[in-house]
Amino acid sequence: MFNALRKGFGLTFKSMFRPGVTVRYPEHRRPAAPRYHGRHVLNRHPDGLEKCVGCELCAWACPADAIYVEGKDNTPEARYSPGERYGVIYQINYLRCIFCGLCIEACPTRALTMSNDYEMTFDNREDYIYEKHQLIAPLPEGAKPLPHSDAEVAARDMDYYQGKAAQLPLAHRSDAGHRGDVSTGPEPEEFGDPATVPLGGGRTEPPRDDPPGKDRS
Ligand code: SF4
Ligand code: SF4
């Protein structure tokens, strides 16, 4: 009995004189681990064009249904990304997000990455739904604000991904048919399961029971 008390109190006294492992937050902030999964960032190319091409793969990969993306065609006069489309609406619902990083894995253009920012605590539910303007990286120094014209982009002669930008939107290109042009491509029913219909294949959006976005936070 005495030995047990001695051991127990001994441990308590030893712990009392050890340096603390906690800090007084928010007065003191410790840097997060380099690979910490924090708030998402939508990245840009060095000329300011958005890397996101509005493909929605991140939204489909998300197990928590936290991402909502709507793509829109770039035009020769107004180009926001080097792809056929760009993300005109991009929302992440941080009340749903579990910071698993699967959306990052799914992104084919490395547009989406995660930062070390973990300070996302708000009083209102709607503040947890981040819009595109809160997620997009700032314009690189010297870059012109978007949109850019195809002529401007072509003059830079940059390689984006594995090809030049400033291509006409797919629907207007002569080689569009082989990838399923929106006007000549296969009908969605030819693919069977709508979830497997390739993007750009003239698909109609499969029904979602509980569409993401502000209306279902
Ligand atoms: S980190 Fe995971 S839960 Fe959060 S948006 Fe990405 S895929 Fe969804
Ligand atoms: S997967 Fe990447 S490119 Fe596609 S919509 Fe998401 S962020 Fe944009």
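The values are calculated or read from the model by the stated rules, or taken from the named source; none is laboratory data. Here the structure is a predicted model, which means the values were calculated and not measured. Neighbour counts run over all protein chains shown; Cβ positions are idealised from the backbone, glycine included. For the accessible areas, the whole protein counts, side chains as well, though only heavy atoms, and no ligand, DNA or RNA atoms are used. Shrake-Rupley method; radii C 1.70, N 1.55, O 1.52, S 1.80 Å.
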Practice item. Tally the residues that are modelled with pLDDT under 95 and within 10 Å of ligand 1 (Cβ to nearest atom), restricting the search to segment 40-52. Key: 0
Check your understanding: Of the residues that make up segment 12-19, is at least one assigned to a loop (DSSP other than H, G, I, E, B) and within 16 Å of ligand 1 (Cβ to nearest atom)?
Key -> no
Exercise for review: Taking the options 46, 19, name whichever one is open to solvent by 60 Å² or more (accessible area, probe 1.4 Å) and closer than 18 Å to residue 160 by Cβ.
Suggested key: 46
Review point. Residues 54, 71, 83: which one is at positive phi and small (Gly, Ala, Ser)?
Key: 54
**Study point:** Looking only at segment 53-110, and only at residues there that are among the basic types (Lys, Arg) and within 16 Å of ligand 1 (Cβ to nearest atom), the one that is most open to solvent (accessible area, probe 1.4 Å)
**Key:** 110
Check your understanding: If you check 59, 66, which single one turns out to be under 16 Å from the mean Cα position of the chain (by Cα) and farther than 30 Å from residue 153 by Cβ?
Key -> 66
Check your understanding: Which strands (runs of 3 or more DSSP E) does segment 24-121 wholly contain that include 3 or more residues that are within 11 Å of ligand 2 (Cβ to nearest atom)?
Key -> 40-42, 67-73, 85-93
**Study point:** Checking residue 28 against (1) away from ligand 1 (no atom under 16 Å from the Cβ); (2) under 30 Å from the mean Cα position of the chain (by Cα); (3) open to solvent by less than 100 Å² (accessible area, probe 1.4 Å), the condition it does not meet
**Key:** (3)
